[in-house]
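Below: the structure, in structure tokens.
The values are calculated or read from the model by the stated rules, or taken from the named source; none is laboratory data. Not measured: the values here are computed from a predicted model. Every residue, glycine among them, receives a Cβ derived from its backbone with ideal geometry; neighbour counts consider all protein chains shown. In case anyone asks, the SASA skips ligands and DNA or RNA and just uses the protein heavy atoms, side chains included. Shrake-Rupley method; radii C 1.70, N 1.55, O 1.52, S 1.80 Å.
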Amino acid sequence: QKEVEQNSGPLSVPEGAIASLNCTYSDRGSQSFFWYRQYSGKSPELIMFIYSNGDKEDGRFTAQLNKASQYVSLLIRDSQPSDSATYLCAVNPWAGNMLTFGGGTRLMVKP
Amino acid sequence: EAQVTQNPRYLITVTGKKLTVTCSQNMNHEYMSWYRQDPGLGLRQIYYSMNVEVTDKGDVPEGYKVSRKEKRNFPLILESPSPNQTSLYFCASSPEGARVYEQYFGPGTRLTVT
């Protein structure tokens, strides 16, 4: 079982819709959670991080964390074609100063 | 401009020929790390460094070496590359303390070992 799991997609949504991306993790002691966006052929870039249970909003992005259920999600409101990319979930496990990444979900926003 | 740079960006080499991929950051970051990205396997951490002269293994360290003699540089060394090390490699750096995991990635190095 992978430590961080994401549906590989592609997840296809129409322009203007809400895109919902999900991630589950296996290490119950994980402390911090990150969402990175990676455009095709480019390097990952950090878009959100969340440390506490609940929601965290930043512009059109909302990260949601539920430690009891061991999942973290990313909502993108008013999706735009420019949001089309692969979204990587990353988790800092309890043991070690490192990040464990999921395989990523490919999002396609259609005009 | 704040950035992480990697060289070379593309490299084709043969099995067994030692190579080094350089990584440099100009943000005075404490933490640096190397990842490889493979289709279906995602990003996997190879090595990381919390500070000068402090390095530690990530998830897939076999076949790789690193050194951190200066704060800004973190080269990745493949002493005897093999075809299974063909991959896309990313270097990343981040600030110290609570922001250590907010990583800034370099542009990537695509390595092919024949």
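Remarks
- Some residue of the range B:56-69 being within 27 Å of A:ARG106 (Cβ to Cβ), open to solvent by 20 Å² or more (accessible area, probe 1.4 Å) and either in contact with a Ser or Thr (Cβ under 6 Å, 6 or more places away or on another chain) or free of Cβ contacts under 8 Å to residues at least 12 places away in the same chain (or both): no
- Options A:ARG77, A:ARG28; residue that is more than 11 Å from chain B (Cβ to nearest Cβ) and more than 15 Å from the chain's Cα centre (by Cα): A:ARG28
- Counting only residues that are away from chain A (no Cβ under 14 Å) and within 26 Å of A:LEU88 (Cα to Cα), the range B:44-64 holds 3 of them.
- Output for the range B:1-25, where each listed residue is modelled with pLDDT of 95 or more and open to solvent by 60 Å² or more (accessible area, probe 1.4 Å): B:ASN7, B:ARG9, B:TYR10, B:ILE12, B:VAL14, B:THR15, B:LYS17, B:LYS18, B:THR20, B:THR22
- Qualifying residue in the range B:85-107 (condition: in a strand (DSSP E or B), farther than 28 Å from A:THR105 by Cα, within 14 Å of another protein chain (Cβ to nearest Cβ) and modelled with pLDDT of 95 or more): no
- Test result for B:ASN51, open to solvent by 40 Å² or more (accessible area, probe 1.4 Å) and either among the small types (Gly, Ala, Ser) or closer than 15 Å to B:GLY106 by Cα (or both): no
- Among residues of the range A:31-55, those that are facing another protein chain (nearest Cβ under 10 Å), more than 13 Å from the chain's Cα centre (by Cα) and over 17 Å from B:GLN37 (Cβ atoms), counted: 2
- Any strands (runs of 3 or more DSSP E) falling wholly within chain A and containing at least 2 residues that are open to solvent by 50 Å² or more (accessible area, probe 1.4 Å) and without any contact (Cβ under 8 Å) to a residue 12 or more places away in the chain: A:54-58
- Selection count, the range A:11-35, where residues are at pLDDT 95 or above and either under 22 Å from A:ASP78 (Cβ atoms) or out of contact with any Gly (no Cβ under 9 Å at 6 or more places or on another chain) (or both): 14
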